[in-house]
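For reference, the structure discussed in these notes is given below.
The values are calculated or read from the model by the stated rules, or taken from the named source; none is laboratory data. Bear in mind that the values here come from a model prediction, so they are computed numbers and not experimental data. Note: ideal-geometry Cβ built from the backbone for every residue, glycine included; neighbour counts use all protein chains shown.
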Amino acid sequence: MHISELQHWDKVYSTIAADEASWFQRYPKTSMEFVELFNLPLNANIIDIGGGDSYFADALIDKGYQNIWVLDISAKAIERAKQRLGERASKVHWIVSDITEFAPTVQFDFWHDRAAFHFLTTEDKIYKYVSIAESAIKKNGYLILGTFSEKGPTKCSGLEIRQYTEVSMSSRFEIEFNRIKCIQEDHTTPSNAVQHFLFCSFKKK
């Protein structure tokens, strides 16, 4: 792991309240619409990459999903999510890991990533991410990625990001995945700034 990244995110989650973070969503509407679109069974293996203390796990628990994983580089982020969920935190498998060093022990039906992938700015890290996703997602499983679009910010939380278009995102995953659909979304931050996102869904070949 890269200590500087760990230190950065641990500091973020130690100093900023959940509802002050630019990525805060009380209810992850777009993400849950993808869950509903693919009609996932309640025993599906679902992982949230870079989930931190987002509310995606809460929404999945509320819907009755039984096999939920949340991965984040920051132990502090995960601890915050556990505290919020209380007893319900035991319904989630928590993983503290850099995504590029993740070694999955199961295969997933649904891989969800809202705004983690775009923090990978070098070809080496992007390649590692794609390779891990290719091996971790089941045949006919789904990959949902949300990143800043070419109209979005060039930085987030003080870090450089990589913007994506439908074409550039699809080209990263075209070997093992078929693209299903992409949507554009304007996310309003707690400070009322508007961030332009691109969400694309893929199905494993």
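Within region 20-30, the presence of a residue that is within 22 Å of Asp109 (Cβ to Cβ), at pLDDT 95 or above and in a helix (DSSP H, G or I) is excluded.
May I ask you to say which residue of Arg84, Arg114 is over 15 Å from the mean Cα position of the chain (by Cα) and among the basic types (Lys, Arg)?
Values: Arg114 fails: over 15 Å from the mean Cα position of the chain (by Cα).
One residue alone meets the criteria, Arg84.
With respect to (1) of a type outside the set (Phe, Trp, Tyr); (2) modelled with pLDDT of 90 or more; (3) at positive phi, the lone exception for Gly52 is condition (2).
Test Ala81 against the stated conditions and say whether it is surrounded by 16 or more Cβ atoms within 10 Å (Cβ to Cβ), at pLDDT 95 or above, of a type in the set (Gly, Ala, Ser) and over 30 Å from Arg179 (Cα atoms). In short, no. Residues in region 128-140: is at least one at pLDDT below 95 and either of a type in the set (S, T, N, Q) or surrounded by 17 or more Cβ atoms within 10 Å (Cβ to Cβ) (or both)? Looking through region 128-140, none of the residues is at pLDDT below 95 and either of a type in the set (S, T, N, Q) or surrounded by 17 or more Cβ atoms within 10 Å (Cβ to Cβ) (or both).
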